[in-house]
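*Asks:* Pasting in a structure now, in structure tokens, and then I'll have a few things to ask.
The values are calculated or read from the model by the stated rules, or taken from the named source; none is laboratory data. Given the structure is predicted, the values throughout are model-derived calculations rather than measurements. Cβ: placed from backbone, ideal geometry, glycine included. Neighbour counts: every protein chain shown.
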Amino acid sequence: MHFHRRFRQRGGPPVTPEEFRKSGHQAIDWVADYLTNPGRYPVLARVKPGELTDALPARGPEQGEPPECLLADFERLILPAVTHWNHPGFMAYFANSGSAPGILGELLASALNSNAMLWKSCPAAVELEQVTLRWLRQWTGLPEDWFGQIFDTASIGSMHGLAAAREAAEPASRAKGMAPGLVVYTSEQAHSSIEKGAIAIGFGQENVRKVPVDAEFRMRTDALAELIARDRAAGLRPCVVAATVGTTATTSVDPVCAIAEICRANELWLHVDAAYAGSAAVADEFRWVLAGCEHADSMVTNPHKWMLTPCDCSVFYTRHPDVLRRAFSLVPDYLKTDDDPRAVNLMDYGVALGRRFRALKVWFVMRSYGREGIAATIREHVRMAQTVAARVDAHPRFERTAPTPFSTICFRYQGSDAENRQIQEAVNETGEFFISGTKLHGRYTLRMAIGNMHTTQAHVDRAWELIQAEAAKLAG
Ligand code: PLP
């Protein structure tokens with residue numbers, strides 16, 4: 001202990017290699033136990049807002065503390081305030097999985113602490129990113145010659161897609177700023193990240209058209225064509241359509257082939273947000289989800305949603321890396337390197353300079369599971385979701401509120417919105433499950449999103465049993 005104090009006060013390493021080895025083994029043991037049974041914790045954190053803050057010191061420590069104190073406080077203070085995304089009962093939003101291989105990749109990447117801004121700054125990170133994203137294109141049937149890079153989130157990826165669209169339509173905007181009047185089209189069911197991206201890039205929120213959807217929540221192409229024509233007639237400049245493959249609320253799939261045709265006829269950029277459902281294309285029977293995406297100009301899909309990769313990891317593809325480069329390349333003298341065409345400098349293709357070595361965890365996941373392993377997980381999630389959909393359909397007091405093409409079921413108890421919220425809250429209070437809700441056609445609807453690798457049919461059966469039991473209480 002004295003040693004720690006002295007060492008730390010001199011500014012030496014707060015954790016010696018031996019201490020690291022010991023506490024590292026403890027941490028890995030903890031992770032292995034956690035992954036063996038993440039369901040032993042309540043899925044939703046049971047703390048009140050501010051509770052953790054109040055339990056922690058108001059000021060950071062003057063003196064360093066040994067790792068055993070940190071690990072103990074992790075268990076005592078931090079864990080109770082964690083909502084467990086790796087829990088088999090996590091069925092809210094889009095459930096995901098931090099798999100063991102992905103965790104190992106993440107661990108090693110943080111040990112290397114590489115910054116993949118330039119090829120030279122970490123050739124392995126840059127080249128592995130290119131290789132894993134090529135594998136993913138092959139696995140999902142996307143064009144071989146697309147350029148790919150990994151961002152933290154789909155929100156940032158889509159923002160870059162919109163920036164590239166702006167660059168293609170109005171190259172002067174880089175130097176002079178954007179002239180008003182460029183228009184973005186996306187559906188009423190699109191994720192808010194499209195609108196946020198449009199705000200950030202300077203299209204302006206008023207220039208985002210929310211195209212109406214059909215009865216199955218897919219973008220209506222007749223309405224899209226009409227809006228484009230109307231905007232043109234009004235002197236505006238239609239610029240980009242952002243289609244969605246797997247919308248957030250209902251997982252509907254926009255008709256990308258028909259949208260691509262409209263984009264082609266009107267010379268518009270086509271961006272596809274396949275953040276959730278893009279991974280499904282890894283399974284042969286779901287290849288159809290990306291039909292038409294081969295015509296896209298840019299696209300995002302999130303391995304951190306349904307491809308067993310720990311957060312954060314979102315893949316961005318474009319067929320026009322040159323346009324993206326034109327939009328973002330700005331190389332100060334201190335970052336200039338030799339021009340070898342195979343030495344890709346990823347900082348030239350986006351806003352961020354620093355980039356994490358995310359490809360390492362993707363590589364670990366892809367190699368550990370193989371395409372078939374990932375496809376089998378996705379297939380099983382969809383199969384389990386269909387069992388719930390069938391039970392909802394067979395129940396006299398429940399109804400499905402949207403089709404269930406993948407593993408997310410939207411349904412409601414045939415009562416008031418308040419009653420549906422009551423069911424949701426009661427189920428979530430058990431600590432066994434976390435389901436979320438949304439509004440469809442103005443009515444509150446429950447959402448059960450199956451997507452965690454630890455979720456089994458027994459969990460799904462139990463969740464449905466609880467939902468039904470809560471509904472039975474309401475029916476008296
Ligand atoms: N796009 C869709 C369709 C989504 O469902 C989501 C999140 O659920 C996003 C984008 C945003 O993803 P991210 O958190 O990676 O920005």
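*Asks:* Taking the options 315, 344, 323, name whichever one is within 20 Å of residue 298 (Cβ to Cβ), modelled with pLDDT under 95 and crowded, with 18+ Cβ neighbours inside 10 Å.
*Replies:* On the way: 315 fails: modelled with pLDDT under 95; 323 fails: modelled with pLDDT under 95.
Within the list 315, 344, 323, the selection yields 344.
*Asks:* Of the numbered conditions (1) aliphatic (A, V, I, L, M); (2) within 16 Å of the ligand (Cβ to nearest atom); (3) in a loop (DSSP other than H, G, I, E, B), residue 241 fails exactly one; give the number of that condition.
*Replies:* Only one criterion in (1) aliphatic (A, V, I, L, M); (2) within 16 Å of the ligand (Cβ to nearest atom); (3) in a loop (DSSP other than H, G, I, E, B) is unmet by residue 241, namely (3).
*Asks:* Considering only region 195-210, I want to know if a residue exists there that is of a type in the set (Asp, Glu) and either more than 16 Å from the ligand (Cβ to nearest atom) or at pLDDT below 95 (or both).
*Replies:* So in region 195-210, the residues of a type in the set (Asp, Glu) come out as 195, 206.
This time we only want the ones that are either more than 16 Å from the ligand (Cβ to nearest atom) or at pLDDT below 95 (or both), so: 206.
Within region 195-210, one or more residues are of a type in the set (Asp, Glu) and either more than 16 Å from the ligand (Cβ to nearest atom) or at pLDDT below 95 (or both).
*Asks:* All but one of (1) at pLDDT 95 or above; (2) more than 16 Å from the ligand (Cβ to nearest atom) hold for residue 331; state the number of the condition that does not hold.
*Replies:* (1)
*Asks:* Looking at (1) on the phi > 0 side of the Ramachandran plot; (2) of a type outside the set (Phe, Trp, Tyr); (3) more than 20 Å from the chain's Cα centre (by Cα), which one does residue 308 not meet, given that it meets all the others?
*Replies:* Result: residue 308 fails condition (3) only.
*Asks:* Just need a number here: residues in region 438-474 that are within 17 Å of residue 407 (Cα to Cα) and of a type outside the set (Asp, Glu). Write out each step before concluding.
*Replies:* First pass over region 438-474, keeping only residues within 17 Å of residue 407 (Cα to Cα): 438, 445-464.
Checking the rest, the ones that are also of a type outside the set (Asp, Glu) come to 438, 445-460, 462-464.
Selection size over region 438-474: 20.
*Asks:* Another one. Please determine whether any residue of region 367-382 is surrounded by fewer than 18 Cβ atoms within 10 Å (Cβ to Cβ) and of a type in the set (A, V, I, L, M).
*Replies:* Scanning region 367-382 turns up at least one residue that is surrounded by fewer than 18 Cβ atoms within 10 Å (Cβ to Cβ) and of a type in the set (A, V, I, L, M).
*Asks:* Additional query: Taking region 50-93 on its own, how many of its residues are within 16 Å of the ligand (Cβ to nearest atom) and part of a loop (DSSP other than H, G, I, E, B)?
*Replies:* So the first thing to find is which residues in region 50-93 are within 16 Å of the ligand (Cβ to nearest atom), and the list is 83, 85, 90-93.
Right, trim to part of a loop (DSSP other than H, G, I, E, B) and you get 83, 85, 92-93.
Total satisfying the criteria: 4.
*Asks:* Now for a separate question. When only residues in region 263-303 that are acidic (Asp, Glu) and away from the ligand (no atom under 12 Å from the Cβ) count, which is surrounded by the most Cβ atoms within 10 Å (Cβ to Cβ)?
*Replies:* Of region 263-303, the ones acidic (Asp, Glu) are 267, 273, 284-285, 294, 297.
Okay, now just the ones that are also away from the ligand (no atom under 12 Å from the Cβ), so 267, 284-285, 294, 297.
Values: 267: 10, 284: 12, 285: 12, 294: 15, 297: 22.
That would be 297.
*Asks:* Continuing with the same structure: Which residues, taken from region 168-181, are in contact with a Leu (Cβ under 8 Å, 6 or more places away or on another chain) and closer than 12 Å to residue 202 by Cβ?
*Replies:* 170, 181
*Asks:* Can you tell me which of (1) more than 22 Å from the chain's Cα centre (by Cα); (2) within 22 Å of residue 133 (Cα to Cα); (3) not basic (Lys, Arg) is the one residue 212 doesn't meet?
*Replies:* Going through the list (1) more than 22 Å from the chain's Cα centre (by Cα); (2) within 22 Å of residue 133 (Cα to Cα); (3) not basic (Lys, Arg), residue 212 breaks only (2).
*Asks:* If I filter region 428-446 for residues that are farther than 18 Å from residue 277 by Cα, part of a helix (DSSP H, G or I) and under 27 Å from the mean Cα position of the chain (by Cα), do I get at least one hit? Show your work before the answer.
*Replies:* Residues of region 428-446 farther than 18 Å from residue 277 by Cα: 428-446.
Now narrow it down to the ones that are part of a helix (DSSP H, G or I): 428-429.
Then keep just the ones that are under 27 Å from the mean Cα position of the chain (by Cα); that gives 428-429.
Within region 428-446, one or more residues are farther than 18 Å from residue 277 by Cα, part of a helix (DSSP H, G or I) and under 27 Å from the mean Cα position of the chain (by Cα).
*Asks:* To continue, here is another question. For region 32-49, which residues satisfy the criterion of being in a helix (DSSP H, G or I) and among the aromatic types (Phe, Trp, Tyr)?
*Replies:* So in region 32-49, the residues in a helix (DSSP H, G or I) come out as 32-36, 38-40.
The answer is 34, and nothing else.
*Asks:* Here is a follow-up. Might you check whether a residue that is free of Cβ contacts under 8 Å to residues at least 40 places away in the same chain and within 16 Å of the ligand (Cβ to nearest atom) occurs anywhere in region 127-140?
*Replies:* So far as region 127-140 goes, no, none of its residues is free of Cβ contacts under 8 Å to residues at least 40 places away in the same chain and within 16 Å of the ligand (Cβ to nearest atom).
*Asks:* Being modelled with pLDDT under 95, among the acidic types (Asp, Glu) and either surrounded by 13 or more Cβ atoms within 10 Å (Cβ to Cβ) or closer than 30 Å to residue 426 by Cβ (or both): is that true of residue 19 here? Break it down into steps so the answer makes sense when it comes.
*Replies:* Numbers: modelled with pLDDT under 95: yes; among the acidic types (Asp, Glu): yes; either surrounded by 13 or more Cβ atoms within 10 Å (Cβ to Cβ) or closer than 30 Å to residue 426 by Cβ (or both): yes.
So residue 19 fits the description; yes.
*Asks:* Now, a different point. If you take the residues in region 143-169 that are of a type in the set (A, V, I, L, M) and within 16 Å of the ligand (Cβ to nearest atom), which one is farthest from residue 182 (Cα to Cα)? Outline the logic, then answer.
*Replies:* Looking only at region 143-169, we keep the residues that are of a type in the set (A, V, I, L, M), and these are 150, 154, 156, 159, 162-165, 168-169.
With the extra rule that they be within 16 Å of the ligand (Cβ to nearest atom), the set shrinks to 150, 154, 156, 159, 162-163.
Details: 150: 27, 154: 22, 156: 20, 159: 15, 162: 11, 163: 12 Å.
Here the answer is 150.
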